[in-house]
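Single-structure report; data block below.
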Amino acid sequence: MALTDDITLLSQVPLFEDFSDEMLRLIAFGSERKKIAKNRPLFHEGSSADCAFVIMSGQFKLLQRDRRGKPIQVGEADRGDLLGELAIISAANRKVTAMAVEDSEVMRIHRPMFRRMMEEYPEIAKMFSDRIKRNLAHMLGEINRLSSRFETEES
């Protein structure tokens, strides 16, 4: 894939949609490509996460272990999806296993490179902060909606 194609795909990732072409070019240059064969894992649930992955081609099923340790599919990810976005700013463990459904290719975005970008472009940190606030507000709204339903049932 050409650099312009990489930049176009990155611009369609919701986290990067407000990034300038220059910022997207830096991500594309500073990242590495990785091919994942069909039925092979990209990463495992519980493993340490030091990077995020943009799916360039292919598809992944996302698996999580239930209480008995049996893997259950909880989602899927396709071209243009970003897996592990918080890992590019903070230490974290993977919440799921990502298994390739078909031969796939990903762009690996390393935390140190992304953190250097945030130092060079402070507006990136603001974008992240705004996104986290929106996600948290949405999550709290869902919790309040569900908790009010339980309060009614208990009364």
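The values are calculated or read from the model by the stated rules, or taken from the named source; none is laboratory data. For clarity, every value in this text was computed on a predicted model and none was experimentally measured. Cβ placement follows ideal geometry from the backbone for every residue including glycine, while neighbour counts extend to all protein chains displayed.
Things to note:
- GLY69 outside the structural domain of ASN135 (by TED's automatic domain parsing) and out of contact with any Lys or Arg (no Cβ under 8 Å at 6 or more places or on another chain): yes
- Test: residue in segment 107-124 that is modelled with pLDDT under 95, of a type in the set (A, V, I, L, M, F, W, C), assigned to a loop (DSSP other than H, G, I, E, B) and closer than 14 Å to ALA52 by Cα: no
- Some residue of segment 128-141 being of a type outside the set (Lys, Arg), at pLDDT below 90 and surrounded by 15 or more Cβ atoms within 10 Å (Cβ to Cβ): yes
- A Cβ distance below 6 Å, combined with a sequence gap of six or more or placement on separate chains, defines the contacts here; from segment 48-59, residues that are closer than 9 Å to ASP78 by Cβ reach residues that are among the polar types (S, T, N, Q) in the pairs GLY58/SER104.
- Of the criteria (1) out of contact with any strand residue (DSSP E or B) (no Cβ under 6 Å at 6 or more places or on another chain); (2) within 22 Å of ALA2 (Cβ to Cβ), which one LYS70 fails: (2)
- For segment 15-60, the strands (runs of 3 or more DSSP E) that sit wholly inside it and include 3 or more residues that are assigned by TED's automatic domain parsing to the domain that holds VAL106 and within 14 Å of the chain's Cα centre (by Cα) are 51-57.
- Looking only at residues of segment 109-127 that are under 18 Å from GLU22 (Cβ atoms), in contact with an Asp or Glu (Cβ under 9 Å, 6 or more places away or on another chain) and without any contact (Cβ under 8 Å) to a residue 60 or more places away in the chain, we find that the one that is surrounded by the fewest Cβ atoms within 10 Å (Cβ to Cβ) is GLU123.
- Segment 61-72, residues that are assigned to a strand (DSSP E or B) and either within 30 Å of LEU10 (Cβ to Cβ) or of a type outside the set (Val, Ile, Thr) (or both): LYS61, LEU62, LEU63, GLN64, ARG65, PRO71
- Reported count of residues in segment 88-108, each being surrounded by 18 or more Cβ atoms within 10 Å (Cβ to Cβ) and under 20 Å from ARG25 (Cα atoms), is 3.
- Number of positions in segment 73-87 that are buried (at least 16 other Cβ atoms within 10 Å of the Cβ) and assigned to a strand (DSSP E or B): 3
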